[in-house]
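Structure record follows, encoded as structure tokens.
The values are calculated or read from the model by the stated rules, or taken from the named source; none is laboratory data. Predicted, not measured: the structure shown is a model, and the values here were computed from it. Every residue, glycine among them, receives a Cβ derived from its backbone with ideal geometry; neighbour counts consider all protein chains shown. Please note that ligands, DNA and RNA were not included when accessible areas were found on the heavy atoms of the full protein model with its side chains. Shrake-Rupley method; radii C 1.70, N 1.55, O 1.52, S 1.80 Å.
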There are 2 protein chains.
Amino acid sequence: MTKELIFGHKNPDTDAIIAAIAYSYMMNESGKDTEAVALGEPNEETKFVFNHFNYDYPRIISSADTKQVMLVDHNEPKQSVDNISDVEITNVIDHHRIANFETANPLFYHAEPLGSTSTIIWKLMNQARIEIPATLAGLMMSAIISDTLLLKSPTTTNEDEAALKSLSKTAGLDYESYGLEMLKAGTNLASKSAKELIEMDAKTFDMNNKSIRIDQINTVDLDETLQRKAEFEEAIKAEMSAENENLFILLITNILTSDTKAIVLGDDESVSVFEKTFDQKLVDNIALLPGVVSRKKQVVPQLNANF
Amino acid sequence: MTKELIFGHKNPDTDAIIAAIAYSYMMNESGKDTEAVALGEPNEETKFVFNHFNYDYPRIISSADTKQVMLVDHNEPKQSVDNISDVEITNVIDHHRIANFETANPLFYHAEPLGSTSTIIWKLMNQARIEIPATLAGLMMSAIISDTLLLKSPTTTNEDEAALKSLSKTAGLDYESYGLEMLKAGTNLASKSAKELIEMDAKTFDMNNKSIRIDQINTVDLDETLQRKAEFEEAIKAEMSAENENLFILLITNILTSDTKAIVLGDDESVSVFEKTFDQKLVDNIALLPGVVSRKKQVVPQLNANF
């Protein structure tokens, strides 16, 4: 049997890594030969999770060395391995919009508009009657907590809540206290450079042939984080020029109050699309986005409709 | 609750229509408000099926009059309702490649590389423990027989066979004798004009910005059908010029011997891609494709790789 790699998106967050591990476990239990790999280093939150469960972080790759691959938690080629167009995608499990995705052959593709890819895999494992070991349940819990901000993000569904509660039982771990500790671990920003911070959760989207970069940083103190604004702007300008990006949006999200302020830089036309979309003029490159915590649900579709 | 329309592709075949009916039944049993509709008149085979089970053919539409829709048995916009870009696609159930499909929002998308969309819906209904009434089972049987040419197409999987056998039990109908009768009903070509025949199972694909039309006709006698070659060529040329198509491939498939001859017309560059792909020079616009019965598995990916 041909071995297949399974991976989440570049600049991986906790769900991207753990969905790959969970789906690989499920596939191997079903008789396939797969390996979960990562398209980048763990962020602070993900490090906390792997330390907590004393679990090995997957091998890091930038290009796939198998002929066939499975994608989790993404489908857009820009977010995938560098050689994605040279390999066959046989399976996709995702909870994002579908865009710029194309295959020559039919494939297995399962997407649902749920808060976390790990919730979908939890459902598929239940359907296939595959038992989830306690450590894997703890990892999957962490992925759901991360993507739903402890069930507070507007992307959260009843199924995410049911999955989190069930996995919490299997793992024997209180999800509220563990979840808060885990989310706070991800907001340890002081030790990182601005360049490192913006790259931690970075995604690039094609919108009407414009390259739109939308990065997100979680914090527990917006004003403290924004004291580093000049440093962020410098890092953003360097990235934009290196990657030829038309618009760069850095979402800085307070996970305790569910509010976001964004630093926005770009060409005049793209900035004015942003201003129109969120009905405000930037002041000193800053936009106020009260109640916004989800890039996927509260930023990408709204921008996409105006580009 | 907002009503949603469910439909298969334009120039519908038996699976496109019946997958919509089956998925609508499943959705409505799950508490949604949906209506199965059709994007065109039934072909001869589909007429036979609806007559046999004394079941009403769905309402025919060309443009969707609801805000949200669900697609079955297709995803490419060219094969869908005319106003597909103005409506929100909330669900897709399909067994084709994914191409030129894009959404602004996350959605429910379930595709598997099985022989028939109705097989996928049979699996989903089993998972959801929704009982399939005898008449619906008879319709779903017919869709699987149609798409797999009675389990003989290379697209056929073990799951299609299992679904067909299980549905055959529920319907109380021998699938072999019924299936042969049904397939033969679809090859009643004499009463139709060449234009009607090529439009019966017509699909257009975007390949590297070329518009590639691939139509298929089933027959039980290739030579008899090819006696009408001049008439087909005239109809093909008229369609190509009306629709600005670069390449037109009419697959004429003998369902008893599983062989195909194709009439191929197009611009020089596209025809030479065809010739390279199938390793032969056209003779009098005719290509010989022994063993080819599946457009999806034996024609589209091979052409797509060379365009």
- Chains A and B: buried accessible surface, both sides, probe 1.4 Å, rounded to 100 Å²? 2200 Å²
- Item | segment B:173-227: translational diffusion in µm²/s, Stokes-Einstein, Kirkwood Rh over Cα pairs, 25 °C, 0.890 mPa s | 185 µm²/s
- Task: Would you mind working out the magnitude of the charge dipole of segment A:81-221 relative to its Cα centre, with +1 at each Lys and Arg C-beta and -1 at each Asp and Glu C-beta, to the nearest 20 Debye?
- Result: 220 debye
- Kindly write out, for segment B:160-175 in residue order, the coupling ³J(HN,Hα) from the Karplus curve 6.51 cos²θ - 1.76 cosθ + 1.60 (θ = phi - 60°), rounded to whole Hz, with x marking Gly and Pro. 5, 5, 4, 5, 4, 5, 5, 5, 4, 5, 4, 7, x, 9, 6, 6
- Query: Among the DSSP beta bridges whose two residues both lie in segment A:194-306, what percent are antiparallel, rounded to the nearest 5?
  - Reply: 70 percent
- Message: Using amide H atoms built in the peptide plane, which far-off residues or other-chain residues are under 5 Å from A:Tyr109 H to H?
- Response: A:Val92, B:Ala111, B:Glu112
- Query: So how far apart, in nm, are the two label points at A:Asp206 and B:Asp206 if each is 7 Å from Cα heading toward Cβ?
  - Reply: 1.0 nm
- Query: Got a sec to turn the phi values of segment A:196-209 into Karplus ³J(HN,Hα) couplings, 6.51 cos²θ - 1.76 cosθ + 1.60 with θ = phi - 60°, whole Hz, x for Gly and Pro?
  - Reply: 5, 5, 6, 7, 5, 9, 10, 9, 10, 10, 8, 10, 6, 6
- Partner aspartates and glutamates for B:Lys276 [C-alpha distance under 18 Å; skip if fewer than 8 residues away on the same chain]: B:Asp267, B:Asp268, B:Asp284
- Message: Normalised radius of gyration for the protein assembly as shown, please: alpha carbon Rg relative to 2.2 N^0.38 Å, two decimal places.
- Response: 1.03
- Query: Which angle between 0 and 90 degrees, to the nearest 10, do you get for helix B:229-243 versus the longest principal axis of chain B when only C-alpha atoms count?
  - Reply: 70 degrees
- Note on the structure: Whole-percent carbon and sulfur contribution to the accessible surface of segment A:4-184 (1.4 Å, no ligands, DNA or RNA) stands at 45 percent
- Volume in Å³ per residue [convex hull over Cα atoms, computed for segment A:194-306]: 91 Å³
- Message: Using amide H atoms built in the peptide plane, which far-off residues or other-chain residues are under 5 Å from B:Ile98 H to H?
- Response: A:Thr103
- Item | Tilt relative to chain A, helix A:14-29 - C-alpha long axis, 0 to 90 degrees, to 10 | 20 degrees
- Rounded to the nearest 10, the angle in degrees between the Cα long axis of helix A:268-277 and the longest principal axis of the Cα atoms of chain A comes to 70 degrees
- Message: With every protein chain left in place and a probe of 1.4 Å, what is the accessible surface of B:Arg228, to the nearest 10 Å²?
- Response: 60 Å²
- If you count, for every residue in A:111-121, the Cβ atoms of partner chains within 10 Å of its Cβ, what is the mean? 2
- Note on the structure: In terms of the charge dipole of the protein assembly as shown, which places +1 on Lys and Arg and -1 on Asp and Glu at the beta carbon, the residue among B:Thr225, A:Ser85, A:Ile144 farthest towards the positive end is A:Ile144
- Query: Which ³J(HN,Hα) values, rounded to whole Hz and listed in residue order, are derived for segment A:69-80 from phi using the Karplus coefficients 6.51, -1.76 and 1.60 in 6.51 cos²θ - 1.76 cosθ + 1.60 with θ = phi - 60°, glycine and proline given as x?
  - Reply: 9, 10, 9, 10, 6, 5, 9, 6, x, 4, 9, 10
- Cβ charges +1 (Lys, Arg) and -1 (Asp, Glu), total dipole of chain A, debye: 480 debye
- Pull up the DSSP beta bridges for the protein assembly as shown and report the antiparallel fraction as a percent, rounded to 5. 45 percent
- Task: With 31 Å as the limit, write out which pairs from A:Lys195/B:Lys67; A:Lys165/B:Lys296; B:Lys165/B:Lys195; A:Lys152/A:Lys195; A:Lys47/A:Lys203; A:Lys67/B:Lys237 have Cα-Cα distances beyond it, or answer none.
- Result: A:Lys195/B:Lys67; A:Lys165/B:Lys296; B:Lys165/B:Lys195; A:Lys67/B:Lys237
- Determine the per residue accessible area of segment A:4-184 with all protein chains present and a 1.4 angstrom probe, expressed in square angstrom. 36 Å²
